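I have placed the structure first, in the form of C-alpha cells, so that the comments after it can refer back to it.
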Amino acid sequence: MNDARVITDVPADAREVLKRVFGHDDFRHAQREIVADVLAGRDTFVLLPTGSGKSLCYQLPALLTPGLTVVVSPLIALMKNQVDALHAAGVAATFLNSSLDAAQASRRLEGLRQGRFQLLYVAPERLLLDGFLRELQSWNVSRFAIDEAHCISEWGHDFRPEYRRLAEVRERFPGIPVVALTATANAHVREDILSGLRMRDPRVHVASFNRPNLTYRVRGKERALGEIVSFVKSRPGESGIVYVQSRAGTERVAEALRAAGIAALPYHAGLEPQTRAKHQEAFVRDDVAVICATIAFGMGIDKSNVRFVIHYDVPKSLEGYYQETGRAGRDGLPAECVLFFSHGDIVKLESFLGEAATEAEAARGRAQLAEVKRYAYADGCRRAALLAYFGETFEAVPCGACDNCLEPRAERDATVPAQKLLSCLVRIREASGFDMGVTHAIDVLLGTENDKIWRMGHDRLSTFGIGTELDRRAWRHVAEELVRLGLIERDPARFNVASLTPAGRRTLAQRTPVVIREASPVAARAKAKRGTRGTAAAPVLAGDDESALFERLRRLRRELADERDVPAYVIFSDAVLREMARVVPRTLGQLRGISGVGDKKLAEFGERFLEVTGG
C-alpha cells in the first residue's frame, strides 16, 4: 500500500538501464513507484519484505542521476557483498570501512574526490565523523539511502544507538533527499524512522509482508536436536541457518550436525574475529551447508539460496523472527522456516528482562514475548497470525504453507488429565502454602519417589501417583496446552511457579470439558508440495534431466565465483540457474531473455554457461 498521492512514472531510460544492468524486463512489487519518487528527489520511506528488491530502489536511481548516492549500511560483510554484486553488473560502487588498510582506503577516497563512483557504502559511525562529513560536502552527494532503517527505533528488534545520530546528517545536508529502507517495521517502528530521520513530507511505500514462498512450522522442543539433524540430512546439498540464543548452543548444534556427517560451523561473538569471518565466508560460498549462529549473524548476509531457517531457541520478538526467517528464499524459490518452541525458553528470556535498564524497556520486552507466545500457540494459519502482527489482513486461508494449514492437528478430549493436573497444583499449594512448578506437579502425578517429594510430604497428597496412564512427555504436553488455553499461568518472577488462573479454577470446580490439540507432527519434507507451497506459484525442477543440468550449472557458477573470489550468488542466483535449466538456452539472445542476466554478465559469463546448456 502506498500513500494516496499521485505517483509519476519512471523515465523511459529507467527500464533500459533496468534490463541492461540488472537483467530484468520489468519492475517487481512497488519498485516502479518507489524509483519514480526517489528520482523526483522526494524523501521516501520503503518497507518491502526481504527478497523483494529493496536495494534496486536506490541503486537504479544512482545510475540515472549525476552525483553520489551514499548508502548507510550497518555491517561490513553486507557492504562488501553488495559492492561485489554491483561490480559484477558493471556498476561503479565502493565501500569504506575498517576492513580496508590505509592504502586501500586512500585509493578509494581519491576516487571519490574525482567523482569516479556512483554509490558509496559506509557505516553510520564513519559517516558521522566530523572530518568525513566535511569532506563529503565536496563529493556532490545526490541522496542518502539508509538501509536497515529499523535500527533507529528502540521498539525495533535490532536497535543501534548510532542510527539515532543520523539526524545530524539531515542538519548538515538539509537539501539532500533521504531514502529509508527496511524489511521489518510495525507501525510504531515506522513512526520512529520517519521522525528519527526527520523526513520531510515523505512518500511512504509499505508493501505486503507476505513471503509466499516460505513455509512456517512450529515444533515442540523435546527432541529438537535430533529433529534438526534429521531435517537437514533430508535436504542434501541445501543451505540453511540454525539460530541459537547462546554461544555454547551454537557450538553444540554445529557439533551434532558434524557428527551426523553434515558440514556445519558455529558463528557467535565469542569467536575470534578472523574465525568468525572465515566461518561466514565458508557459508556464503557454499563450502559448508549450515551455519549455527546467534542473532549476531544474518543482517550482513545477502545469500540468495538459503533453503531453510531453523530457530532452535525462541526469538525475542516477532520482528526479529520475521527478519531472521527472511534470510530464507531470497531467490523466490520455496524455503522452510521451523521454530522449536518451549515455554521454558520464554521464561528464560523473561528472567533476563529483570536486567533491563528501565522498566519501560522491560515492559517492551514482555509485550514482545507475549506476541511470540501468541504466534507459537496459534490454532489457525500462522501466516495470517504473523501478518496480523504487522497490521496486515491475510484472507487466503488456508495458506497451504504453514503446519496448521498443511497438517491440522487432531483434537482430543483431555478433561480427565486436565482435572488431575489442575487438582494437583491446588493440592500442592494447600499442603505447602505456596505454588510450585509444573515439573514438580508431574512428579507427584507420576508417583515419583525423590527427596523433594518426601521432604515436603507430597507423597501423601491425594493426587500422588494418580497419573501413571501418561508418561512424562505426555504430561508436559498437557501442561503446555493448559497454558495455551489460559487455565494455568506461570510466574517468571517467582522461578516459573504455576498456578490456576480464574478460568482454570472455574474449569476445575465446574468440571468443564477440556479439549487439547495433539502434539505437532514432525516437519516433513513433503517433496510433492514443493512446487505448490505458499500463496503463489514458485519455479521447481521438473525432472531428472533438468536437475542434472541445474547441478552442472551450479558447478560452473562455483568455479567462476572462486576465480573471482566472490560468493557464488554474485555470478547468478539459484533462480537464474533454475530458469536456465528449464529453458535450456542455446544462444546469447536466449540467455539474455532470462531475468537476472544483464549485459555485463552476458558478455563475461554467457559463452561459458552456453557450453553447459549445449549452445
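The values are calculated or read from the model by the stated rules, or taken from the named source; none is laboratory data. Since the structure is predicted, the reported quantities are computational estimates derived from the model, not experimental observations. Methodologically, a virtual Cβ is constructed for each residue, glycine included, from the backbone with ideal geometry; neighbour enumeration extends over all protein chains shown.
Odds and ends about this structure:
- Flag if A479 is at pLDDT 90 or above, within 30 Å of Y216 (Cα to Cα) and in a helix (DSSP H, G or I): yes
- Condition check for F464: surrounded by fewer than 22 Cβ atoms within 10 Å (Cβ to Cβ), under 43 Å from the mean Cα position of the chain (by Cα) and among the aromatic types (F, W, Y): no
- Single condition T448 does not satisfy, out of (1) without any contact (Cβ under 8 Å) to a residue 12 or more places away in the chain; (2) hydroxyl-bearing (S, T, Y); (3) outside any loop (DSSP other than H, G, I, E, B): (3)
- When the helices (runs of 4 or more DSSP H) confined to the range 145-260 are screened for residues that are assigned by TED's automatic domain parsing to the domain that holds P49 and in contact with a Cys (Cβ under 6 Å, 6 or more places away or on another chain), none reaches at least 2 such residues.
- Residue list for the range 23-47, restricted to those being buried (at least 24 other Cβ atoms within 10 Å of the Cβ), more than 29 Å from R116 (Cβ to Cβ) and of a type outside the set (F, W, Y): L47
- Selection over the range 371-389 of residues that are surrounded by 21 or more Cβ atoms within 10 Å (Cβ to Cβ) and either in the same structural domain as P513 (by TED's automatic domain parsing) or not in a helix (DSSP H, G or I) (or both) gives a count of 1.
- Taken over the range 397-408, residues that are part of a loop (DSSP other than H, G, I, E, B), touching a residue at least 24 places away in the same chain (Cβ under 8 Å) and over 18 Å from the mean Cα position of the chain (by Cα) amount to 3.
- Scope the range 350-370; condition surrounded by fewer than 19 Cβ atoms within 10 Å (Cβ to Cβ) and under 22 Å from V483 (Cβ atoms); matching residues: S351, F352, G354, A362, A363, G365, R366, A367, A370
- Scanning the range 39-85 for residues that are of a type in the set (A, V, I, L, M), touching a residue at least 40 places away in the same chain (Cβ under 8 Å) and more than 13 Å from A180 (Cα to Cα) gives L60, A62, L63, L64, L68, L75, I76, A77, L78, M79, A85.
- Residues that are touching a residue at least 40 places away in the same chain (Cβ under 8 Å) and hydrophobic (A, V, I, L, M, F, W, C) were ranked within the range 379-396; the one that is farthest from I516 (Cα to Cα) is F390.
- Considering V584, V576, the condition of being out of contact with any Pro (no Cβ under 9 Å at 6 or more places or on another chain), modelled with pLDDT of 90 or more and under 23 Å from S52 (Cβ atoms) is satisfied by V576 alone.
- Test result for T393, among the β-branched types (V, I, T), under 30 Å from L318 (Cα atoms) and assigned to a helix (DSSP H, G or I): no
- Strands (runs of 3 or more DSSP E) within the range 279-360 that include 2 or more residues outside the structural domain of R494 (by TED's automatic domain parsing), more than 12 Å from the chain's Cα centre (by Cα) and not hydroxyl-bearing (S, T, Y): 290-293, 335-341
- Flag: D471 matches the condition of being of a type in the set (D, E, K, R), under 23 Å from R219 (Cα atoms) and outside the structural domain of L369 (by TED's automatic domain parsing).
- The number of residues in the range 246-284 being of a type in the set (S, T, N, Q) and within 21 Å of F340 (Cα to Cα) comes to 2.
- Scanning the range 276-299 finds no residues that are crowded, with 23+ Cβ neighbours inside 10 Å, among the polar types (S, T, N, Q) and farther than 30 Å from V478 by Cα.
- Only listed residue being modelled with pLDDT of 95 or more and among the aliphatic types (A, V, I, L, M), chosen from L421, L470, L461: L421
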